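Please read the structure below before turning to the comments.
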Amino acid sequence: DTGVSQDPRHKITKRGQNVTFRCDPISEHNRLYWYRQTLGQGPEFLTYFQNEAQLEKSRLLSDRFSAERPKGSFSTLEIQRTEQGDSAMYLCASSFPLQEQYGYTFGSGTRLTVV
Amino acid sequence: DQQVKQNSPSLSVQEGRISILNCDYTNSMFDYFLWYKKYPAEGPTFLISISSIKDKNEDGRFTVFLNKSAKHLSLHIVPSQPGDSAVYFCAASVSNTGNQFYFGTGTSLTVIP
């Protein structure tokens, strides 16, 4: 297990289309997070899962966004009816709970461009 | 509302000298602070952390200082090396609330050989 994997690395889509991203966390980590990073900003929290349960969602996560983590393993983030403002780097991360001192392990991200 | 702020977007330092990156926060409930390093086209990688019960944590060339009364932390890199050139993000969290971290906007460090 070499870390957190995200697929695809890049996605270009037309406005109004739906897109889905996948994240495979480190297998021992039961917490999984989605963050979004736009140009010149730090990562912003979207949502997180502990095992298969989605425990928290940011108000940034509009109803066009949905995330799942079936069986507590990989996760998907879907954006419906994409808008140009959705263009960003989408980062997935995983961790053990209650180990804040070690931070997260991030994947390399999926860069979404909506044209 | 930006709860974690990095007011210097960029910093240039000569190789071998000290790099000091600063971070301020507004939420007094934050009790864990981390620094991440990010290279282009990669995700952030964890560098060093500090709990609010400490005021200093050291790991090799990297030291993080925390001043709770000023709500300020800093990362010192000594000596700086060209491979340290990256964007550095400060992040903070309230423990036992889900482990959500709030990130600053980053400081781009360039170490000049």
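Read-outs throughout are calculated quantities, based only on the coordinates presented, and are distinct from any laboratory measurement. Just so we're clear, the structure is a prediction, and the values are computed from it rather than from any experiment. Ideal geometry is used to build each Cβ from the backbone, glycine not excepted, and the neighbour counts take in all protein chains shown.
What to note about this one:
- Cα gyration tensor of the protein assembly as shown - equivalent ellipsoid semi-axes, whole Å, descending: 30, 20, 16
- Rounded to 0.05, the FRET efficiency of the A:Ile12 and B:Lys56 pair, given R0 = 35 Å and the Cβ-Cβ distance, is 0.15.
- Distance (nanometres) between label positions extended 7 Å along Cα→Cβ at B:Leu11 and B:Ser108: 1.6 nm
- Listed residues B:Pro79, A:Leu60, A:Gln17: farthest to the positive end of the dipole of the protein assembly as shown (Cβ charges): A:Gln17
- Which of B:Phe33, B:Phe65, A:Ser87, positive extreme of dipole for the protein assembly as shown (C-beta unit charges): A:Ser87
- For A:Phe74 and A:Thr113, the FRET efficiency from 1/(1 + (r/R0)^6), where r spans their Cβ atoms and R0 equals 35 Å, is about 0.90.
- Only Lys, Arg (+1) and Asp, Glu (-1) charged, at Cβ; the protein assembly as shown dipole about Cα centre in debye: 440 debye
- B:Glu42-B:Lys68 FRET efficiency (beta carbon distance; Förster radius 22 Å; 0.05 resolution): 0.10
- Counting only Cα atoms, the range A:10-88 measures 35, 25, 23 Å along its principal axes, largest extent leading.
- Choice from B:Ser80, B:Ser19, B:Ser52 with maximal GNM fluctuation in chain B (Cα, 10 Å cutoff): B:Ser52
- Once exposed loop GluC sites (Glu not before Pro) are cut out (DSSP; at most 15 other Cβ, 10 Å), longest piece of chain A: A:84-115
- Three-way shape label, the range B:24-66, alpha-carbon gyration tensor, a/c 1.5: oblate
- Qualifying trypsin sites (Lys or Arg not before Pro) for the range A:23-74 [loop in DSSP, other Cβ within 10 Å: at most 13]: A:Arg59, A:Arg64
- Counting Cβ atoms of other protein chains within 10 Å of each residue's Cβ and taking the mean over peptide A:65-74 gives 0.
- Under conditions of 20 °C and 1.002 mPa s, chain B yields 152 µm² s⁻¹ as its translational diffusion coefficient, taking Rh as the Kirkwood radius over Cα pairs in the Stokes-Einstein equation.
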